[in-house]
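Asker: Please read through the structure below; I'll follow up with questions.
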Amino acid sequence: MNAGVEKGVAKAVTLRRNVQIELQVNGEPTEVSFAPYKTLLELLREDLDLPGTKHGCELGECGACTVLLDGEPVLSCLVLAVECAGRSVETVEGLAQGTRLHALQAALTDLGGSQCGYCTPGMLMTAKALLEREPSPSRERIREAIAGNICRCTGYQQIVDAIESAARELRAGGETAR
Amino acid sequence: MMRLPWFEYRAPRSVAEAARILAGEGPGAMLVAGGTDLLPNMKRRHQSPSTLVALRGVDELKAVANGAGLQLGAGLTLTEVVDTPAVRERYTGLWQAAAQVATPHLRNMGTLGGNVCLDTRCTYYNQSYEWRKAIDFCLKKDGETCWVATASKRCVAVSSTDTAPALIALDAKARLASVGGTREIAIADLYRNDGIDFLARKPEELLSAILLPEANGWRSCYWKLRRRGSFDFPVLGVAAAAKLAADGTVEAARIALGAVASRPFLVPKAGEALVGRKLDDAAIGEVAGAVASRAKPMDNADMNLYWRKEVVSAFTTYALRELRGDDMRAERLRTARQALAA
């Protein structure tokens, strides 16, 4: 906009105000104020100090920024933060309880499902949503569910193994994927 | 890091309110539902709307109504479309198309209306701002030359929607709402063969629903070509629908193509040529050739141009064989890595 350049013409005033919303982040009620153009990814990393969610392609192609929004895996780089008012967001930071890893985190560690680690937070959140819905998914279903999470290290086999193993663990422990 | 540009955010609660905002804001406003198509484009400055009219709070856009046919709200996510039993049972072509759009994550976000209104794509367009600036931009956005066909006065960016060819084969209608009221048009008439001005939707209109006619014995399917079976926009979409008599004679048929022009389109002659015949290999072979001759892909998408044209005939054959009742799971797995059995 160069409305202010012309002489004698009143400058167009665009009010650039922050917006304020309330949402649940990893179970905690949170109130936050931010510039309205921010995506959920930017909100989490820059305003809520939760850098666990990774910033990959920014265009919805890689899945590194996957979080759960009202329990559904979505790409936080393509969600307007302002649209998260009143909703529940779960990120990788909410998985472990104190020093106790979530079964999925433990299985990925034990089975080599995480190498460089950049896809891991997104992969974990996708897998968590899958196991909450389907406690005993087939390998085919697991592969389908993680189709939107690109990993360039593992070749996926260890990730699928880990999700299967965590599913067994969670079923045996009688607990759901929390 | 690519940031979204500033915009004013409006969140209407009804179609009428959304239409009023659109009318009031003029062409500077854009609609956003799932955001999976628009937000990447805004980050790369293909579009910089001054106002975003967000539709996710409009409950009427989520309505599913059975009756004579099926009405699907444009705001249903693709996951919701795939999970609608009536779609899976009676409109297999739409079900297969929606199930093959992008990835589960993107289907959780992207909507039916968004896929129907998807921006056209091109290797010279879907690039970062700096990349496009380095080639002095292109005809579709900020430039004067179409780098795909430098003599072309028309932008040849490719229509990349999966659901539209399926909806055309199923003879669906689109409902458009504006402050002046609503109108319903054949879904094929929603499109123009122009990579820039590809929708016949007026700027003050919003797509509110898709109306499918009664299934009434019609069967349908959708075949998609793409590099990765788990992801990717189509480089070819073949949708076919047919009504067969008890002895297998074709009473009516419709075949539509996607991703081989700036719009998805019906090949009327192909459907007509099947009427009164059985779907035997000879009839299928003839029609597949006729369909392939209508495909005019340009060198602006993934994969080799000539091969993409050649493969139209094979994909049409797969589609018609599936309608005939052949077990196509092996071909599905081979070409798409998904069985997609309805």
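Readers should treat all values here as calculations from the given coordinates under stated rules, not as data from a laboratory. Since this is a predicted model, take the numbers as computed values, not measurements. Reconstructed Cβ throughout: ideal geometry from the backbone, glycine too, with neighbour counts over all protein chains shown.
Asker: Determine how many Å³ per residue the convex hull of the Cα atoms of the protein assembly as shown encloses.
Answerer: Spelled out: Cα convex hull of the protein assembly as shown, divided by residues, is 165 Å³.
Asker: I've got another one for you. Could you work out the percent of alpha carbon pairs in chain A separated by over 28 Å, rounded to a whole number? Don't skip to the answer; put the middle values down first.
Answerer: On the way: 4798 of 15753 pairs.
Summing the P(r) of chain A above 28 Å gives 30 percent of all pairs.
Asker: Using only the alpha carbons, work out the radius of gyration and Dmax of region A:18-94 in angstrom.
Answerer: 11.0, 30
Asker: Starting from the Cα of residue B:278, draw a straight line to each of the lysines and keep only those under 19 Å, dropping any in the same chain fewer than 8 residues away.
Answerer: Candidates past the 8-residue exclusion: B:243, B:269.
Asker: Return the average number of partner chain Cβ atoms within 10 angstrom of each residue Cβ along peptide B:98-105. All intermediate terms of the calculation are to be shown ahead of the outcome.
Answerer: Working: counts 0, 0, 0, 0, 4, 13, 13, 18.
Neighbouring Cβ atoms belonging to other protein chains average 6 per residue here.
Asker: Taking amide H positions as placed in the peptide plane 1.01 Å from N, state which residues far from residue B:303 in sequence (5 or more) or on other chains have amide H under 5 Å from it.
Answerer: For residue B:303, no residues qualify.
Asker: What order do you get for B:122, B:146, A:57 when you list them from fewest to most C-beta neighbours inside 10 Å?
Answerer: A:57, B:146, B:122
Asker: OK, next. Based on the alpha carbon coordinates of chain B, what radius of gyration and maximum Cα-Cα distance (Dmax) apply, in Å?
Answerer: Expressed in Å, the Cα Rg and Dmax of chain B come to 19.7, 61.
Asker: Can you give the three extents of the C-alpha atoms in region A:103-173 along their principal axes, from longest to shortest, in whole Å?
Answerer: Projected onto its principal axes, the Cα set of region A:103-173 covers 30, 23, 17 Å.
Asker: What are the membrane-span-like helices in chain B by this rule: whole DSSP H runs, Cα extent along the axis at least 24 Å, mean Kyte-Doolittle hydropathy at least -1.0?
Answerer: B:305-324
Asker: Also: Holding the Cα-Cα limit at 19 Å, pick out from B:173/B:202; B:173/B:296; B:140/B:309; B:43/B:133; B:62/B:173; B:62/B:202 the pairs that are longer than that.
Answerer: B:173/B:296; B:140/B:309; B:62/B:202
Asker: In addition: How high is the relative contact order of chain B, in percent, with contacts defined as C-alpha pairs under 8 Å that are six or more residues apart?
Answerer: Worked out over chain B, it gives 16 percent.
Asker: Using alpha carbon centroids, what distance separates region B:68-115 and region B:286-342, in Å?
Answerer: 21
Asker: Could you give the dipole magnitude of the protein assembly as shown about its Cα centre, charging the beta-carbon of Lys and Arg +1 and that of Asp and Glu -1, in debye to the nearest 20?
Answerer: Dipole about the Cα centre, nearest 20: 1080 debye.
Asker: How high is the relative contact order of region A:18-94? Use alpha-carbon pairs under 8 Å, at least six apart in sequence, and give a whole percent.
Answerer: Numbers: 151 pairs, mean separation 29.2, N = 77.
Value for region A:18-94: 38 percent.
Asker: Please give the calculated 222 nm ellipticity per residue for chain B, where each DSSP H segment of at least 4 residues contributes -39500 (n - 2.57) and the sum is spread over every residue; nearest 500 deg cm²/dmol? Could you put the intermediate results ahead of the total?
Answerer: Working: 13 runs with 109 residues, N = 342.
So the calculated ellipticity at 222 nm is -8500 deg cm²/dmol.
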